[in-house]
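Take a look at the following structure, please.
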Amino acid sequence: MTLDELKTGQSAIIVKIHGYGAFRKRVIEMGFTKGRKITAVLSAPLRDPVKYTLMGYEVSLRRSEAQLIEIIPINAHGTQEKIGSGEARATVEKGAMNEYEGRTHTINVALIGNPNCGKTSLFNLAAGATEHVGNYSGVTVDSKAGRCTYRNYNFNIVDLPGTYSLSTYSPEELYVRRYLKNERPDVVINVVDSSNLERNLFLTTELIDMDRPMVIALNMYDELERSNIKLDYETLGAMIGVPIVPTVSRNGKGVNDLLDAVISIFEECHTAVRHVHVTLSSDIEKSIDRLNEIIKSDDSVDKHFSHRYLAIKMLEKDKEVEEILSDTACYPRLRDVRDHELKRLEALHEDDVSAMIASEKYGFIAGALAETMDRRNFNERVTTQVIDSLVTNRYVGFPLFIFLMFIMFWATFSLGQYPQDWIEAGVTALGDLVRHIVPQGALRDLLADGIIGGVGGVIVFLPNILILYFFISLMEDTGYMSRAAFIMDSVMHKIGLHGKSFIPLVMGFGCNVPAIIASRSIESRSSRIITILINPFMSCSARLPVYVLMIGTFFSAHAALVFIGLYLLGIVMAVITARMLRRLWFKKDETPFVMELPPYRMPTMKSTLMHMWAKGYEYLKKMGGIILVGSIVVWALNYFPLKHQMTEEERIEHIAEETAQPDNQDSYLEMLGKSINPVMEPLGFTWRATVAAVAGLPAKEIVVSTLGVLYTGEENEEITETLEHRLTAPGINGKPDFTPASALSFIVFILLYSPCFATVIAIVRETGTWRYGAFSVLYNTAVAWLVAWCVYHLALLL
Ligand code: GDP
Ligand code: MG
């Protein structure tokens, strides 16, 4: 709890002072120290400031300042009021402090660093989590929190998206900076990739400007050692005033030392901590000093950032900092002085000031490294160069890429067939077992047809999905994914996108939801939105069951061709949509293609399997949730109102008379299907197909489970008959429900129509407006209808 939350009349013990520079120094001088008792006396009419008593004197603080002082209230004991004597009061204070000391302390830690430097690996190690690790930038797009306990301290660890700096150029940078401002982590762990120190330390200089308690995790230390570079990291740490701890977050080496360093920084007893300025050239320093003076003199300035940081960002014309400062009294003067200084500097150097500051920071880093790093025996990374000369080769690159894609899909379908057959046999056996054990009635029908028929029809595809994810994970973990983006850049450019858009699109073959979230790493907003909107055309794994069922039933002779055709059709529709959006909706934007190509890294089997399993687990969770509910709902709508149960004699009579079964009582589902069906009939759909498509709106897996429920065998049929047979069996009017032409139009429609609920929600969340979600639902459904109509009529002709 912080001091501003203390109610009038309440007392508390101070446990920690946050904040910076003059403010911090001042309040400590005034006696705000750890273990001190403080009482809130009264607040001013407008709630601000608040008067406190401390060591018998009175002091007033603004709420914004009180927020930076952490306390634990004494009233928790409920005894404070009754105690009169000084001695007794001291006992209570001591009790509260002891409670504080005895309690395990909590340290809030944030992991900050460049993309792909190993933050998530470190996070997984420390917090025992299984977050997604991949060898390309932009894997983590959200913050993830975890906790661990070490030496009686509780660590709340947050893994943040990777950033190259703390300006507000990209969403990630903005995110990390807001996090630093609003969440006030006690200690920042700045993770740096030691095989790429120069660039990684740039972010460090920004953190130093911010003056946050921090430690550097010199990660990938194994790679540094392997390349034979000697780094005197202790001296380097002393030079920049930040302790440096080598770590290998792949195997956990050094992580305990890192946590020890975090503890001693938290307890403010680390010897290497010293505030150092990243000194810039004297011209710029002069300007910074001027701004600094003004900021210092104004008490209303936000205390979350150091003055120097605010001054530098002011010079860089940083929008957010400008907004923070715009409420303060000194802002008009500050702005005038800033504009004046900018003019002076730009006239002097004929360059813009942000660029000057950046290049001087790089100069500072180069200087520090020149003194501490010995590259004489440097082994260059030949493996990566050799592989890259092949993979990104003008002639070999593309065929190799297509070959790898082919292997991926081949393995998904062919290898996946075996375990799929086993699971299918298991599901059938389970269904039979239930039919034998449970007495005839609604319960038996619910279990056998509704649940086992519905969920079982979908669960058989788990192996295919796991295999697909295994390959995607492998591409991500080795570093091939960013090469794929690299060679695809010129292709993507033709449709108005970016090489970076390629990774979310490939991920879309697994599931559109994480793929849409992964689009966050695309800097340009218009490219990002287009990538998001075309993602649902990438055929996700939930649509697989429908293809496998229909293709297996109707096109088993040309299975591979139809499969590839479907995926290509999705891609073609994505391309057309992207071009259309670019032309009609978004003006051209030219974000340069700047993407890191990380060195190839051997993936750890553990992380690849973990990654694959995490996805499989999501799939199973969906099975137990939305798919189960969907199957039961569909089953119930199909089961009720209860049809007139024919006796055996009646049935024989009907068959003898060759009359259709009495059709006077439709189930609710039939009513629904038949009422919508006129719209879908031009595509060759029967009401059952229509119902399946509608049922697939929440999640596309439900399409197959619905077919499973709809085509459950009649009493007199062979129970073991598979769904495939039932689809082609003649219906009441003598014609089968699905013909090859209508089956084709059905899968095309399922491929293209409205994305599932989860995807729509992701689209709305990521674009920030419901309009794009609505667009996606309407547009995709319209496209699906048109294309399916064309396909159906073409197929009829052939
Ligand atoms: P993030 O983007 O910063 O979260 O980085 P990740 O944790 O996703 O890791 C990026 C890549 O670096 C992955 O392929 C990891 O396996 C690899 N990696 C992480 N830490 C180390 C390390 O200490 N040594 C080596 N050799 N590789 C590492
Ligand atoms: Mg990460």
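Inverting the mean 1/r over all pairs of different Cα atoms, compute the Kirkwood radius of the range 394-493 and quote it in Å.
Across the range 394-493, the inverse of the average 1/r is 16.4 Å.
Highest mean first, what order results for 702-711, 439-448 on Cβ atoms within 10 Å?
702-711, 439-448
Right, something else. Just to check I understand the Karplus step: with θ = phi - 60° and J = 6.51 cos²θ - 1.76 cosθ + 1.60, what whole-Hz values come out for the range 445-461, glycine and proline as x?
5, 4, 5, 6, 8, x, 8, 5, x, x, 5, x, x, 9, 5, 5, 8
Express the accessible area of the chain per residue in Å², computed with a 1.4 Å probe while the remaining protein chains stay in the model.
Spelled out: the 1.4 Å probe surface of the chain, per residue, equals 46 Å².
Between helix 525-534 and the chain, what is the angle of the helix's C-alpha long axis to the longest principal axis, kept within 0 to 90° and rounded to the nearest 10?
Helix 525-534 and the main axis of the chain meet at about 20 degrees.
Okay, moving on. Evaluate E = 1/(1 + (r/R0)^6) for Phe586 and Met405, where r is the Cβ-Cβ distance and R0 equals 41 Å; express this FRET efficiency to the nearest 0.05.
Efficiency computed from Cβ-Cβ geometry: 0.90.
A further question follows. Roughly speaking, to the nearest percent, how much of the chain's 1.4 Å accessible area is carbon and sulfur?
Carbon and sulfur together cover 59 percent of it.
Can you list the trypsin sites (Lys or Arg not before Pro) in the range 559-588 that are in a DSSP coil and have 15 or fewer other beta carbons within 10 angstrom?
When the trypsin sites (Lys or Arg not before Pro) of the range 559-588 are filtered for loop state and at most 15 Cβ neighbours within 10 Å, Lys587, Lys588 remain.
On to the next question. Would you kindly calculate the mean projected area, averaged across all directions, of the convex hull enclosing the Cα atoms of the range 266-361, in square nanometres?
Quarter of the Cα hull surface area: 7.2 nm².
May I pose another question? Compute the orientation-averaged projected area for the range 186-235 from the convex hull of its Cα atoms and round it to one decimal in nm².
Directional mean of the projected Cα hull area for the range 186-235 stands at 3.6 nm².
Taking the Cα centre of each part, how many Å lie between the range 429-493 and the range 23-60?
61 Å
For Gln10, list long-range residues whose amide hydrogen, built 1.01 Å from N in the peptide plane, is under 5 Å from its own amide hydrogen.
Those lying under 5 Å, H to H, from Gln10 are Ala40.
Once every DSSP H run of n ≥ 4 in the chain is given -39500 (n - 2.57) and the sum is divided by its residues, what mean residue ellipticity at 222 nm do you get, rounded to the nearest 500 deg cm²/dmol?
Rounded to the nearest 500, it is -17000 deg cm²/dmol.
Related question: Residue by residue through the range 599-615, which ³J(HN,Hα) values in whole Hz follow from phi under the Karplus form 6.51 cos²θ - 1.76 cosθ + 1.60 (θ = phi - 60°), with glycine and proline marked x?
Residue by residue, the range 599-615 yields x, 5, 10, 5, x, 7, 3, 4, 6, 5, 5, 4, 4, 4, 5, 4, 5 Hz.
Could you tell me what percent of the DSSP beta bridges with both partners in the chain are antiparallel, to the nearest 5?
60 percent
Compute the distance in nm between two label points, each set 7 Å from the Cα along the Cα-to-Cβ direction, one at Glu323 and one at Glu293.
If labels sit at Glu323 and Glu293, their model points lie 3.1 nm apart.
Amide H to amide H, which residues 5 or more places from Phe555 or on other chains are under 5 Å from it, using H placed in the peptide plane?
none
How large is ³J(HN,Hα) for each residue in the range 506-519, as worked out from phi by the Karplus curve 6.51 cos²θ - 1.76 cosθ + 1.60 (θ = phi - 60°), to whole Hz, x for Gly and Pro?
5, 4, x, 5, x, 8, 5, 5, x, 5, 5, 5, 5, 5
Percent relative contact order of the chain, based on C-alpha pairs within less than 8 angstrom and at least six residues apart?
That works out to 9 percent.
Any idea what the dipole of the range 374-443 comes to, in debye rounded to 20, about its Cα centre with Lys/Arg Cβ at +1 and Asp/Glu Cβ at -1?
About 320 debye.
A further question on this structure: Ranked highest first by the average count of other Cβ atoms within 10 Å around their residues, in what order do 261-269, 309-317 fall?
So the peptides 261-269, 309-317, ranked by packing, come out 309-317, 261-269.
Report the Cα-based extents of the range 504-549 along its three principal axes, largest first, to the nearest Å.
The principal-axis extents, from largest down, are 40, 14, 12 Å.
Another question, then. Report the one residue of Thr235, Gln440, Ile402 whose Cα lies farthest in the direction of the positive end of the charge dipole of the chain (charges on C-beta: Lys and Arg +1, Asp and Glu -1; origin at the Cα centre).
Going by the charge dipole, the pick is Thr235.
Within straight cross-link reach of Lys16, meaning Cα distance under 22 Å, which lysines are found once same-chain residues fewer than 8 apart are removed?
Cα-Cα hits under 22 Å: Lys7, Lys25, Lys34, Lys37, Lys51, Lys94, Lys181, Lys303.
Based on the alpha carbons, how large is the Rg to Rh ratio for the chain when Rh follows Kirkwood?
Rg/Rh for the chain comes to 1.06.
Under the rule of at least 5 residues apart or a separate chain, name every residue whose amide H is placed under 5 Å from the amide H of Ser43.
Here Lys51 satisfy the definition.
Mind ordering 152-162, 30-40, 216-226 by average Cβ neighbours within 10 Å, highest first?
Put in order of decreasing packing, that is 216-226, 152-162, 30-40.
The values are calculated or read from the model by the stated rules, or taken from the named source; none is laboratory data. Note that the structure is a prediction, hence the values are computed from the model and not measured. Virtual Cβ from ideal backbone geometry, glycine too; neighbours counted across all protein chains shown. Heavy atoms of the whole protein, side chains included, go into the accessibility calculation; ligands, DNA and RNA do not. Shrake-Rupley method; radii C 1.70, N 1.55, O 1.52, S 1.80 Å.
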